[in-house]
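To start, the structure under review is shown below, and the notes come after it.
Only the coordinates and a few stated rules stand behind these numbers; no lab work does. Note that the structure is a prediction, hence the values are computed from the model and not measured. Neighbour counts are summed over all protein chains in view; Cβ atoms, including those assigned to glycine, are modelled from backbone coordinates with ideal geometry.
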């Protein structure tokens, strides 16, 4: 039997579920890093976490994360986070 899982994060609606470092702006279905070093962190209980990313410096898609997404350049867009069921492995 699986333990209760964290619900997916959809942005910008669920922005309050993230701890943000530096400036992020809201878009239609994403938040965008204003500069390199901007970060978004979250806690979760799930088998895994995958950030949905796009932007000029990253190929659009799912990227596995341990609970933090950090922008290497301005313009990184975080659309949300999807969680997979399983034994908790997050922080």
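Which ones in segment 14-29 are loosely packed, with under 13 Cβ neighbours inside 10 Å and under 13 Å from the mean Cα position of the chain (by Cα)? Give the derivation first.
Quick first cut of segment 14-29, residues loosely packed, with under 13 Cβ neighbours inside 10 Å only: 16, 19, 23, 25-26, 28.
Once the filter is applied, which keeps residues that are loosely packed, with under 13 Cβ neighbours inside 10 Å and under 13 Å from the mean Cα position of the chain (by Cα), segment 14-29 yields 16, 19.
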Inset, instruction - Collect the residues in segment 42-82 that are buried (at least 20 other Cβ atoms within 10 Å of the Cβ) and within 18 Å of residue 3 (Cα to Cα), keeping them in residue-number order. - result: 44, 46, 49
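Just a yes or no: is a residue in segment 83-91 without any contact (Cβ under 8 Å) to a residue 40 or more places away in the chain, in contact with a strand residue (DSSP E or B) (Cβ under 8 Å, 6 or more places away or on another chain), part of a strand (DSSP E or B) and buried (at least 20 other Cβ atoms within 10 Å of the Cβ)? Steps first, answer last, please.
Going through segment 83-91, the residues without any contact (Cβ under 8 Å) to a residue 40 or more places away in the chain turn out to be 84.
Subsequent filtering for residues that are in contact with a strand residue (DSSP E or B) (Cβ under 8 Å, 6 or more places away or on another chain) retains 84.
This time we only want the ones that are part of a strand (DSSP E or B), so: 84.
Remaining after also requiring buried (at least 20 other Cβ atoms within 10 Å of the Cβ): none.
Checked segment 83-91: no residue is without any contact (Cβ under 8 Å) to a residue 40 or more places away in the chain, in contact with a strand residue (DSSP E or B) (Cβ under 8 Å, 6 or more places away or on another chain), part of a strand (DSSP E or B) and buried (at least 20 other Cβ atoms within 10 Å of the Cβ).
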